[in-house]
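Student: Can you keep this structure in mind? I'll have questions shortly.
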Amino acid sequence: MNRILAGIIFFLFISTGYISFLVHERQQELQKLTHYAAAWSAAQMVSEYYRFESVLGLYTSDETITLDDVRMRLDIMLSQSDLMKEGDLRNYIESNKAYHALALQLEKKLEYLDIHLDKMNRSELQAYLKTMQTLDAPLSRLSSGALDKDINSINDANHKIKTLYYIYSATSVLLIIMSAILGLLIFYQNRNIQKAHLQVKNLAEELQESKEKLQVQNTKLEYDVYHDSLTEMNNRHFFWGNLNETIENAVKSNNTVTVMLFDLDRFKVVNDTYGHDVGDMLLRQISQRLISMGLTSDTLYRLGGDEFAFLSSGLTESSAVSLAQNICDAINQPYTIYNTIINITTSVGIVISDTERRSDYLYKFADLALYEAKNEGAGKIKVFRQWMLDKLQESRTLEHDMALALANKEFVVYYQPIVDSFTQEIYSYEALIRWIHPLKGILSPDTFIPVAEKTGMINEMGKSMLEMACREAVSWVIPAKISVNVSPVQLSSKAFAGIVVSILNETGLSAERLELEVTESSLFTESKTPMNTLNRLRTLGVKISIDDFGTGYSSLSRLSRLAFDKIKIDKSFVNSVSTQEDALNIIRLITGMAKSLNMKTVAEGVETQEQLESLQALGCDFIQGYLFGKPQPYIDGKIRNG
């Protein structure tokens, strides 16, 4: 469309210029008409010449005509003859040799008369008149020739003017048509422009609406980035930003920085028992309680799961602990959800520092304090102390040393005898792992087994211990049974049964000589893997004992489902069996239950004769303790006697 409009406008420009050219040409032709005076001048001159001859002839024959009359006519004729020397008549005369010669003759005759008129008499003038009359015919031809030329010129000019008129009219009509087309195109273009303007306006309105929606979405997104979707509290991202800001402000004002971490106790039990919907409602109610305490919203955070945080500066340790206790009291109040009363407590870890300014370290210190609080029991509050960090670093060092110990085979097996309570004959040996540390010496399992279970190294460690115990047991002269402790981590692996079978095959130990000791906690799980693993091994002939019975989540249904071979009575009951009636009754109950289920009982930690006699009286089958021997290594083909 733009190209068409540009073409039309260009054509109109050219047409307008061409019309201007035509008008100029017409004006030129019209001006030529004004110059067509050659015929008139020639006719005037010839006419005056005839008058002069007439007056001159009358003068020669009529006395009444004076010489002055002749002179006057001669002067007029002289002025007329000057016309032949200028203008179009001159151009016409000079264009014809005959006319040019005629003009010279006429000029000579007139000049002669002008000089001699006063001296000539009438007869001389009459004779001279005859010579003048010889010019009459040529002058007539001059006049008629000039007239023909002017008529032809006028006809040519009229013809050109008519042609110019037609061209001008056609161009004007075409110009009018093109102007009309241009007008229509401009109208169409204006309509398109208006339509486009309307579309642009609508688009601008839509863009404005989109911009407003985007601003709302950005505001919501920014809110969501820094707030927890469940409780609408500040989230972990907001926590880290504010922690850095709190540290910067504390540096400027020389204040302390306080970080509190709150972790709900046994929240997983609530989720597992009542469902995650109830757990979510519980978290919302907890957040409402925290907010209702009047604490500023930018100091409270939900970091995720059941973990909350509090940030502040300028608090003393006593005020921080007091505030933490108030928060715990608010959280610990009962909750009613779906007509169910739920009680929950929280553990708190606090760090207060005026020297440490690294945010990640402050968080780690608070987390260490929280870890110690959780270890101590539900509802505890702990403030970070340096020994907590030292303990962590020691644990990290222990992990590193443990990895090296596995590679360097620093773990060995010690054996403690299990004897018949009545005959005192050795029935079996319990394999107990020891770590021969290159710097610390012999380390008991209590110092490294928890770390091994946490890091997963217990799987390799347990496999190595089982293999050593089975290999050494094969070489014993007296084929006593061998008892090996199994970690809950090992038992939760589906590959554990295969590992046991593989070791028995490699070492050549009979499955009937192997006894695996498991704790109650390893069975108290939703997974069916531990029970399936033990049932599979028991069908192969491996004996199964339940260790530390009575200290965990004892369940008669589990005992009946698995049908353990032995129940090991924890030494905490054995220590007071001869002094406390409750301990005596518990052991009596355990031994009676074991007999009813066709199981044997083993009493751990027997150190005195009195304890032995009490256990014999209660019908305990086997005894284990320092009274009969301490754990000893296997050296030179035999176990050293304690």
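Student: Within the set LYS268/LYS571; LYS85/LYS108; LYS454/LYS528; LYS85/LYS109; LYS85/LYS149; LYS543/LYS630, which residue pairs have Cα atoms separated by over 25 Å? Don't jump to the answer; show the numbers that get you there.
Tutor: Details: LYS268/LYS571 31 Å; LYS85/LYS108 14 Å; LYS454/LYS528 21 Å; LYS85/LYS109 16 Å; LYS85/LYS149 18 Å; LYS543/LYS630 23 Å.
Listed pairs above 25 Å: LYS268/LYS571.
Student: May I pose another question? Could you line up CYS328, CYS470, CYS620 from fewest to most neighbouring Cβ atoms inside 10 Å? Before the final figure, lay out the partial values.
Tutor: Working: CYS328 17, CYS470 23, CYS620 26.
In order of increasing Cβ crowding within 10 Å: CYS328, CYS470, CYS620.
Student: So, one more: Can you tell me the order of 268-280, 341-353 when each peptide is scored by its average per-residue count of other Cβ atoms within 10 angstrom, highest first? List each step's numbers first, then the result.
Tutor: Values: 268-280: 14.5, 341-353: 20.6.
In decreasing order of mean packing, 268-280, 341-353 become 341-353, 268-280.
Student: Report P(r) for the chain: all Cα-Cα distances, bin width 10 Å, range 0 to the bin holding the largest distance, values in whole percent.
Tutor: 3, 10, 12, 11, 9, 7, 4, 3, 3, 3, 3, 3, 4, 5, 5, 5, 4, 3, 2, 1, 0
Student: Arrange ARG236, ARG434 by Cβ neighbour counts within 10 Å, fewest through most, would you? Kindly include the intermediate steps, with their values, before the conclusion.
Tutor: On the way: ARG236 15, ARG434 19.
Ascending number of Cβ neighbours within 10 Å: ARG236, ARG434.
Student: Can you check what the net charge comes to around PHE365, using other residues whose Cβ is under 14 Å from the Cβ of PHE365 (Lys, Arg +1; Asp, Glu -1)?
Tutor: Numbers: positive: ARG357, ARG358, LYS364, LYS382, ARG385, LYS391; negative: GLU317, ASP354, GLU356, ASP360, ASP367, GLU372, ASP390.
Residues close to PHE365 contribute a combined charge of -1.
Student: Report the one residue of PHE267, ILE161, LEU67 whose Cα lies farthest in the direction of the positive end of the charge dipole of the chain (charges on C-beta: Lys and Arg +1, Asp and Glu -1; origin at the Cα centre).
Tutor: ILE161
Student: Please list, in order along region 488-501, the HN-Hα scalar couplings obtained from phi with the Karplus expression 6.51 cos²θ - 1.76 cosθ + 1.60 (θ = phi - 60°), rounded to whole Hz, x for Gly and Pro.
Tutor: x, 5, 5, 5, 7, 8, 5, 8, 5, 4, x, 4, 4, 4
Student: What residues have an amide H closer than 5 Å to that of TYR427, excluding those fewer than 5 places away on the same chain, when H is modeled at 1.01 Å from N in the peptide plane?
Tutor: Amide H neighbours of TYR427, under 5 Å, 5+ apart: ILE418, VAL419, ASP420.
Student: Still on this structure, I have one more. Just to check I understand the Karplus step: with θ = phi - 60° and J = 6.51 cos²θ - 1.76 cosθ + 1.60, what whole-Hz values come out for region 579-590, glycine and proline as x?
Tutor: Computed from phi, the couplings for region 579-590 are 10, 10, 5, 4, 5, 4, 5, 5, 5, 4, 5, 5 Hz.
Student: Amide H of TYR414 versus every other amide H placed in the peptide plane: which residues, excluding those fewer than 5 positions away on the same chain, fall under 5 Å?
Tutor: LEU432, ILE433, ARG434
Student: What dipole magnitude, in Debye to the nearest 20, does region 95-206 give about its Cα centre under +1 on Lys/Arg Cβ and -1 on Asp/Glu Cβ?
Tutor: Numbers: 13 positive and 11 negative charges, 48 e Å.
Charge dipole, region 95-206, about its Cα centre: 240 debye, nearest 20.
Student: Just going by the charge dipole of the chain, with Lys and Arg at +1 and Asp and Glu at -1 on Cβ, which of ILE635, THR299, SER229 is farthest out on the positive end?
Tutor: Going by the charge dipole, the pick is ILE635.
Student: Here's another thing I want to ask about it. From the helices alone, meaning DSSP H stretches of at least four residues, give me the mean residue ellipticity at 222 nm for the chain, per-run term -39500 (n - 2.57), in deg cm²/dmol to the nearest 500.
Tutor: -21000 deg cm²/dmol
Student: Classify region 373-516 as rounded, prolate or oblate from the Cα gyration tensor: take a ≥ b ≥ c as the square roots of its eigenvalues, call it rounded if a/c is under 1.5, otherwise prolate when a/b beats b/c and oblate if not. Intermediate values should be presented prior to the final figure.
Tutor: Values: a/c = 2.04, a/b = 1.84, b/c = 1.11.
Prolate is the answer for region 373-516, as a/c is 1.5 or above and a/b outweighs b/c.
Student: Could you go through region 254-268 in sequence order and give the Karplus-derived ³J(HN,Hα) for each residue, using 6.51 cos²θ - 1.76 cosθ + 1.60 with θ = phi - 60°, rounded to whole Hz, and x for Gly and Pro?
Tutor: Result, ordered by residue: 6, 10, 7, 10, 10, 10, 10, 10, 10, 10, 6, 7, 6, 5, 4 Hz.
Student: Show me the ranking of peptides 116-128, 587-599, 370-382 by mean Cβ neighbours inside 10 Å, starting with the highest. Kindly include the intermediate steps, with their values, before the conclusion.
Tutor: Working: 116-128: 13.3, 587-599: 16.1, 370-382: 17.6.
In decreasing order of mean packing, 116-128, 587-599, 370-382 become 370-382, 587-599, 116-128.
Student: Right, here's the next one. Give me LYS568, LYS364 ranked fewest to most by other Cβ atoms within 10 Å of their Cβ, as a rough exposure proxy.
Tutor: Going from least to most buried by this count: LYS364, LYS568.
Student: Considering amide H positions built from the backbone, and no H for Pro or chain starts, which residues 5 or more places from ILE544, or on another chain, come under 5 Å of its amide H?
Tutor: When sequence neighbours closer than 5 places are left aside, the close amide H contacts are LEU516, ASP565, LYS566.
Student: For region 82-174, what size does the Cα cloud have along each of its three principal axes, sorted from largest down, in whole Å?
Tutor: 76, 22, 21
Student: I would also like to ask the following. Let me know the shape class of region 190-290, please: from the alpha-carbon gyration tensor, a ≥ b ≥ c as square roots of the eigenvalues, rounded when a/c is under 1.5, otherwise prolate if a/b is greater than b/c, or oblate. Before the final figure, lay out the partial values.
Tutor: On the way: a/c = 6.19, a/b = 1.86, b/c = 3.32.
Here region 190-290 falls in the oblate category.
Student: Could you sort the peptides 400-408, 258-266, 44-52, 534-542 by per-residue average Cβ neighbour count (10 Å cutoff), highest mean leading? Don't jump to the answer; show the numbers that get you there.
Tutor: Values: 400-408: 14.3, 258-266: 22.9, 44-52: 18.6, 534-542: 16.4.
Those peptides, ordered most packed to least, come out 258-266, 44-52, 534-542, 400-408.
Student: While we're on this one: Rounded to a whole number of µm²/s, how large is the Stokes-Einstein D of region 476-517 at 4 °C and 1.567 mPa s, given Rh as the Kirkwood radius over C-alpha pairs? Don't jump to the answer; show the numbers that get you there.
Tutor: Details: Rh = 11.3 Å.
It diffuses with D of about 115 µm²/s by this estimate.
Taken together, the values in this text are just the output of simple stated rules run on the coordinates, not laboratory data. Everything numeric in this text was worked out from a predicted model, so none of it was measured. In this analysis, Cβ positions are derived from the backbone assuming ideal geometry, glycine residues included, and neighbour counts consider all displayed protein chains.
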